[in-house]
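Visitor: Below you'll find the structure I mean.
A short reminder: the numbers here are calculations on the coordinates, not readings from a lab. What you see is a predicted model, and the numbers here were worked out from it, not measured in a lab. We place every Cβ from the backbone using ideal geometry, glycine too, and count neighbours over all the protein chains shown.
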Amino acid sequence: MSRIKDLQKNLFGGTTSNARQFGMIFTLVAIVLIFQIWTNGLTLRSDNLIALFQQNSYILILAIGMLMVIVAGHIDLSVGSVAAFTGILVAKSMTEWDLPWPAAIVFGLAIGAVIGAWQGFWVAYVGVPAFIVTLAGMLLFRGGNQFIGNAQSIPVPEGFRDIGSGFLPEFGPNTGYNNATLLLGLAAAVAVVWRELQARKTRRAMDADPAPMWISVLRMAIMVGVIAFAALRFASGRVGTSFPISGIILLVLVIAYSFYTRNTAGGRHIYAVGGNSRAAELSGVKLKRVNFFVMMNMSVLAALAGMIFVARSAASGPQDGNGWELDAIAAVFIGGAAVAGGIGTISGSIVGGLVMAVLNNGLQLEGVGTDKVQIIKGLVLLLAVAVDVYNKSQGRFSIIGSLMRPFRRDDSVPPASPPDAEREPAKAAVSG
Amino acid sequence: MRKFFGTSVVAVSAAAMLALAGCGSGRDGDSDTKGGEAKGFAANSLIGVALPAKTSENWVLAGDLFTNGLKEAGFQGDVQYAGASTTVADQQAQITAMVTKGAKVIVIGATDAAQLSTQVAAAHQAGVKVIAYDRLIKNTPDLDYYVAFDNFKVGQLQGQALLDGMKAKKPNGPYNIELFSGSPDDNNAGVFFDGAMSVLKPEIDKGNVVVASGQKDVKQTAIQGWKAEGAQARMDQLLTSTYGSKELDGVLSPNDTLARAILTSVKGAGKPTPIVTGQDSEVESVKSIVKGEQYMTINKDTRNLVKETINMVKALQAGNAPQVNDTKSYNNGSKVVDTFLLPPVAVTKANAAEAYANDPKLAPLTK
Amino acid sequence: MNDVPTLLEMRSITKEFPGVKALSDVNLVVRAGEIHAICGENGAGKSTLMKVLSGVYPYGSYDGQIIYQGSESRFSDIRASENAGIVIIHQELALIPGMSIAENIFLGNEPRKHGAIDWKAANRMALDLMARVGLQEDPDTLIKDIGVGKQQLVEIAKAFAKDVKLLILDEPTAALNEADSKHLLDLLRGFRSRGITSIMISHKLNEIEAIADQITILRDGRTVETLDVKADGVDEDRIVRGMVGRELGSRFPDHTPKIGEVFFEVRNWNVRHPISAERQVCKNESFVVRRGEIVGFAGLMGAGRTELAMSVFGRSYGVYESGTIIKDGKEIVLKSVADAIDNGLAYVSEDRKAIGLNLLDDIKTSTVAAKLSKISHRGVLDEVEEYQAAEAYRKELRTKAPTVDESVSKLSGGNQQKVVLAKWMFTDPDLLILDEPTRGIDVGAKYEIYGIIQRLADQGKGVVVISSELPELIGLCDRIYTVFEGAITGEIARADATPENLMKQMTSTKKLASR
């Protein structure tokens, strides 16, 4: 096997199952590249990167919860309304009932949990389809928001605003950068190296050849370089700005939920329920509990997203949450989730969300109106999913997947006898 | 985890390579940018204009006027509307993008005037002057100027016209009326309503004018988002609940879009046309006034408002203090904002030809 | 027989999919008015060949020629082949459950009068068509209200509505019970006498032997041979030899049972239907299983065997009414599937695709799915242990797949079944209930599955096998219960088991004397 092949096979992870994600990442890179040139370097400037994270963190947080809901085979249309409802209550709790802001955040999460339990109850224990339950919830909590707020905007105090518009603090010697952001970058770099070494160990334990050492080193070098660069970028914004706190909340959630969905029994049960609920049930998965959990979790995250938006806007308003559910759902599907459930990853959804975010941001920097931006976003969503559906119907996982296939075959031991695997790819799932 | 890991590698490395290409800006402090008070800026600078969603023709007109006016004045204009559904978030992102692009002045017609303080603060820190256009942005000390029509006066004119119109039709009261007000998240909606009530309240107290449904509170009269269908639905309900046998003499409507929706509802119910007020001089409403359906509208000539706003931008460019005529009335919750107020004009069928004589679009309709 | 005209000739058909050659140089000659069987293991290319013939794969997407009624046919889609009188009836019936028999028969082919559907004519014609296939029902009856056997007849009636000349049946009896199968085969004979040509794909070799005039055998996408049943004196063994390319000795591996004590007992089990509560699906049923014993459950379709098994398996079917389960001398209460798994029960369902497997999973994930706790520490899964477990079962069961990362949807039926078996063996059960463990699996793989079942029994586990194939039960089981209409009607030891006496008990209302 040549070095080039080694590189192609190992650098990007190497299996076809995440080929779709590569497609999206390449799309993301292409979009960033196009806008970076088109906007004369504005796209990747510190202040724009910071703004990009702040503006989209709440949608990406919603996408995490929505991914789990969609993987389990449901949908949640109520997230925007739940966010708005929580936002107005939290704003009121601080301005009218004088709750200190940390208590108000706990209060907001509790509201999310109660709403989630309500919706989860109907979905899991009564068996009303989530589409209906959350459509009802969408009306219910939108109305609740207007009822409580009288459709007015309620400002929130300074301390609370930090979760939406705050930054890592400035401290330590004057290095010309934000020291906290630099430390964060350093921690991330160490984590990346540690993970790579762990991954090599795991590969070896699974009797599979780990990637050649030089590839691991290259991979680590690229990643550490990237992290270092990103850290410098975020640390060199205007004094007072740095890596946004909402970005840190997002990062923590992405890492935690990625781990949960991939590496725990609970996470795997969500995929099992979405892939084949009856089979999951007959394998001992507690269906109701899983459904209840994903719906409840979604509402808690929606509450958090609502609070972050309110904090960033410095006030809760009657328009909060309008259309959020669609942005979150679009991110998840662009990120490769299946409409029928059972397929999708957190990282894919984040990439999907970022594609939309960068597109939005780049077009705005270019002064393209929202009408045209909406048209473009609509087309991107349709195209992304259509390409995927088309490729699947052609018996290929994706264009990139089929490019990768020859390399994958190399590491499989040829079966001793002719494989009696079904020869018709399209029929494989049906006959036999 | 490994797949996730691999995926991240690609994403991040790609971002990095691109980022490296765009590298090289130093760290700006607050002090660097704040120093430029009253020094002016280059004559061809970028001027951002962020307007709400295209829900009324007035905003569309304003956008066109800004685009052309800024161009004539030699600036680079960047005029943006908020999207139809995610209005506030869009506007926030647009303002941030304008700051990123290096706009020197940003004119904001706010979607929700209470939810922009973070973006206004960021603009201020980047040395950008912020002018609130038509709607006063709340709870921020970083707003520089406010340009608007005298909205309390608008309300007063509407109230007076309603009384005059009903009197002309039926010399003696009591008159049955209904009240409508604008979107509760729009600062101006309350001002219009208060202005109108300052005229109507004494008559109501005297019993000369009756709000037959009893819905006098602004919470009851408000139409969320200035939506026509909201007004029509409310009017439908009022007609069914209150005007089975009673006659409706007049309706206080805060703008033309709602006025036409109200008239549609009344016509649909087969009732005689009441006196309905309006505002904004929309084409359809001017036609309606000429036909004798809608009673009045307000001519707040958007041309003048945009012209005054651009004059402010020009003054700022030259390093001068822009002209203001009210430094006391408009407190946004954090400070009193220097304001330039324009006077509105009430228009009925009687003075329509005269009022729109200079408007190329409306003048032909009045002939 | 050379005087009989040829209806269809497929010449050197080659069909490739990206990376796979599904058919290479296949030839098929079908004479007018015969029943022609096509045999082959799963993946041999039978379905692909029929899809080429019926236009599912249009002209141009394959190489070779189709000569039909004397001239070359170039079908662009199914409609084109149907217009030529070629109708294919798939294994999965293409009927709409909520519509009536008549509506289904004329779906897409409705008789019209002035642009509107002429229901009077439709019903009249439907009755006529139904008479031709021997279906006695009201044409207004909904499809979901009639049994699978009758649904199959509706499909055939639908074919007649299209003026069929060549009828293709893909596994027509796979889902039918003995009586319905027999009726269907008689029907095919009747068609033959009326000059209608049929092509039949089937795994059931005894049926083929009984009914076919000629047999074409495919293996690995190639034609092996075409046999004339009468002239060549073909029997089942001859067909099997053609399919697998070698003599297959016994259909069952040799096995000496090591039967121990009774360890599992169900007593007086009563269960009601989940929706219509007045229907009792399990009527006071009792049975025992010994260690090391393979126990069969025989019964007609709908006798309630699956319902019994699933209701015992953590009440995963129906509404539990009464009855006790005793394991190792102690009564256990299984209220959920999780309880059942924790108490050492495993249930391999009859429909592995619908409810046995998550087809989105790979082999690895499927193998550990029913007992994640075994590979996790404090709720965190250990990838290495997962891999090692799956790999061990892949080797032990000789599952044919390049790696355990392969998606289960890409495996053949036999290998999928091995993955399901691995999944339940991984839970380390004491009692395995296998519901139709060899359905839709080819001969070679069946033999392997039987071997696995016997090894499990030899490890001291109890195995319950539910099967509709009597030879399978007789060949495999140490003891067989017969079930009829929700009640156990007999218990027959291996030595006494013959198809005849099983069939008698399976259709009798006499109840087994309660123990």
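Visitor: Can you list the residues of region A:276-301 with backbone N under 13 Å from a point 7 Å past the Cα of C:Ala338, pointing along Cα to Cβ?
Guide: Under 13 Å, as judged by backbone N against the label point of C:Ala338, lie A:281-293 of region A:276-301.
Visitor: Net charge around A:Val82, counting only other residues with Cβ within less than 14 Å of its Cβ (Lys, Arg = +1; Asp, Glu = -1)?
Guide: Net charge around A:Val82: -2.
Visitor: Once the Cα gyration tensor of region C:322-376 is found, what semi-axes does its equivalent ellipsoid get, as square roots of 5 times the eigenvalues, in whole Å, sorted largest first?
Guide: Equivalent ellipsoid of region C:322-376: 26, 15, 8 Å, largest first.
Visitor: Still on this structure: For the protein assembly as shown, build the charge dipole from Cβ charges (+1 Lys, Arg; -1 Asp, Glu) around the Cα centre, then report which of A:Met66, C:Gly302, C:Gly318 sits farthest towards its positive end.
Guide: A:Met66
Visitor: A further question follows. What distance in nm lies between label points placed 7 Å from Cα along the C-beta direction at A:Arg278 and A:Val217?
Guide: So the two model labels end up 5.6 nm from each other.
Visitor: Considering only Cα-Cα distances, which of the following residue pairs are longer than 30 Å: C:Lys150/C:Lys410; B:Lys54/B:Lys287; C:Lys335/C:Lys374?
Guide: Violating the 30 Å limit, Cα to Cα: C:Lys150/C:Lys410.
Visitor: Right, another one. May I ask you to derive the FRET efficiency for C:Lys144 and A:Phe121 from their Cβ-Cβ distance with R0 = 51 Å, giving the value to the nearest 0.05?
Guide: That gives a FRET efficiency of 0.95.
Visitor: Follow-up question, since we're still on this one. What is the sum of charges, Lys and Arg at +1 and Asp and Glu at -1, for the other residues whose Cβ falls under 15 Å from the Cβ of C:Ile143?
Guide: -4
Visitor: Ok, one more. Mind telling me which of B:Asp280, B:Asp256, B:Asp164 comes out most flexible in a GNM of chain B, alpha-carbon contacts under 10 Å?
Guide: Comparing B:Asp280, B:Asp256, B:Asp164 in the GNM, the peak value goes to B:Asp164.
Visitor: Tell me which residues come under 5 Å, amide H to amide H, from B:Asp326 once H is placed; ignore anything under 5 positions away on its chain.
Guide: Long-range HN contacts for B:Asp326: B:Thr339, B:Leu341.
Visitor: Turning to a different aspect of this structure: Over what distance in Å are the Cα centres of region C:258-327 and region B:271-327 separated?
Guide: Taking the Cα centre of each part, region C:258-327 and region B:271-327 sit 82 Å apart.
Visitor: From other protein chains only, count the Cβ atoms within 10 Å of every residue's Cβ in B:110-116, then give the mean.
Guide: 6
Visitor: I need the phi-derived Karplus couplings for region C:219-234: 6.51 cos²θ - 1.76 cosθ + 1.60, θ = phi - 60°, integer Hz, Gly and Pro marked x.
Guide: 9, 6, x, 10, 6, 8, 6, 10, 10, 9, 4, 6, 5, 8, x, 7
Visitor: Over region A:52-408, what number does the Rg to Rh ratio reach, with both radii from the alpha-carbon atoms and Rh per Kirkwood?
Guide: Reported Rg/Rh, Kirkwood definition of Rh: 0.98.
Visitor: Divide by every residue of the protein assembly as shown the summed helix terms, -39500 (n - 2.57) for each DSSP H run of at least 4, and state the resulting mean residue ellipticity at 222 nm, rounded to the nearest 500 deg cm²/dmol. Working shown, then result.
Guide: Numbers: 47 runs with 628 residues, N = 1314.
Using -39500 (n - 2.57) per qualifying helix, the result is -15000 deg cm²/dmol.
Visitor: Using a Förster distance of 25 Å, how high is the FRET efficiency between C:Glu500 and C:Arg222, based on the Cβ-Cβ distance and rounded to 0.05?
Guide: Details: r = 40 Å, r/R0 = 1.60.
E(calc), rounded to 0.05, equals 0.05.
Visitor: Let me ask something else. First measure r as the distance between the Cβ atoms of A:Phe131 and A:Val389, then evaluate 1/(1 + (r/R0)^6) with R0 = 22 Å and state the FRET efficiency to the nearest 0.05.
Guide: Calculated value: 0.60.
Visitor: How fast does region C:166-318 diffuse by Stokes-Einstein, in µm²/s, taking the Kirkwood radius from C-alpha pairs at 20 °C and 1.002 mPa s? Before the final figure, lay out each step's value.
Guide: Values: Rh = 19.5 Å.
The calculation lands on 110 µm²/s.
Visitor: Then there is this: Just going by the charge dipole of the protein assembly as shown, with Lys and Arg at +1 and Asp and Glu at -1 on Cβ, which of C:Val368, B:Gln237, B:Ala103 is farthest out on the positive end?
Guide: B:Ala103
Visitor: Can you give the extra length, in nm with one decimal, that the chain gains between C:His377 and C:Asp232 once fully stretched, where that is 0.36 nm per residue apart less the Cα-Cα distance?
Guide: This chain segment gains 45.9 nm when fully extended.
Visitor: How long is the gain from C:Asn27 to C:Ala210 if the chain were fully straight, where each residue apart is worth 0.36 nm and the alpha carbon distance is subtracted?
Guide: Details: separation 183, 0.36 × 183 = 65.88 nm, distance 2.37 nm.
Gain in length upon complete extension: 63.5 nm.
Visitor: Between C:Asp328 and B:Ser198, how many nm apart are label points set 7 Å from Cα along the C-beta direction?
Guide: Result for the modelled spin labels: 8.9 nm.
Visitor: With the cut-off at 25 Å, tell me which of the pairs B:Lys300/B:Lys367; C:Lys353/C:Lys504; B:Lys138/B:Lys300; A:Lys92/B:Lys101 have Cα atoms farther apart than that.
Guide: Exceeds cut-off: C:Lys353/C:Lys504; A:Lys92/B:Lys101.
Visitor: Let me ask something else. Using only the alpha-carbon atoms of chain C, report the extent along each of the three principal axes, biggest first, to the nearest angstrom.
Guide: 72, 50, 47
Visitor: Cα centroids of region B:147-187 and region A:223-273: how far apart, whole angstrom?
Guide: About 55 Å separates the Cα centre of region B:147-187 from the one of region A:223-273.
Visitor: Viscosity 1.567 mPa s, temperature 4 °C: give me the Stokes-Einstein translational D for the protein assembly as shown in µm²/s, with Rh taken as the Kirkwood radius over C-alpha pairs. Could you put the intermediate results ahead of the total?
Guide: Details: Rh = 36.2 Å.
This corresponds to a translational diffusion coefficient of 36 µm²/s.
Visitor: May I have the extent of the alpha carbons of region B:251-295 along their three principal axes, as whole Å values ordered from largest to smallest?
Guide: Cα spread of region B:251-295 along its principal axes, largest to smallest: 26, 20, 14 Å.
Visitor: Got a sec? Which residues in region B:201-239 would a label at B:Glu284 touch, if it sits 7 Å along Cα→Cβ and we count backbone N under 15 Å?
Guide: B:226-233
Visitor: Sticking with this structure for a sec: In whole angstrom, note down how far apart the Cα centers of region A:313-338 and region C:156-176 are.
Guide: What the calculation gives is 51 Å, centre to centre.
Visitor: Please get the size of the charge dipole for region C:357-428, origin at its Cα centre, with Cβ charges of +1 on Lys and Arg and -1 on Asp and Glu, quoted in debye to the nearest 20.
Guide: Working: 11 positive and 11 negative charges, 58 e Å.
With Lys and Arg at +1 and Asp and Glu at -1, about 280 debye.
Visitor: Oh, and also: What is the ratio of the Cα radius of gyration of chain B to 2.2 N^0.38 Å, with N the residue count, to two decimals?
Guide: Taking the Cα Rg and dividing by 2.2 N^0.38 Å, one obtains 1.15.
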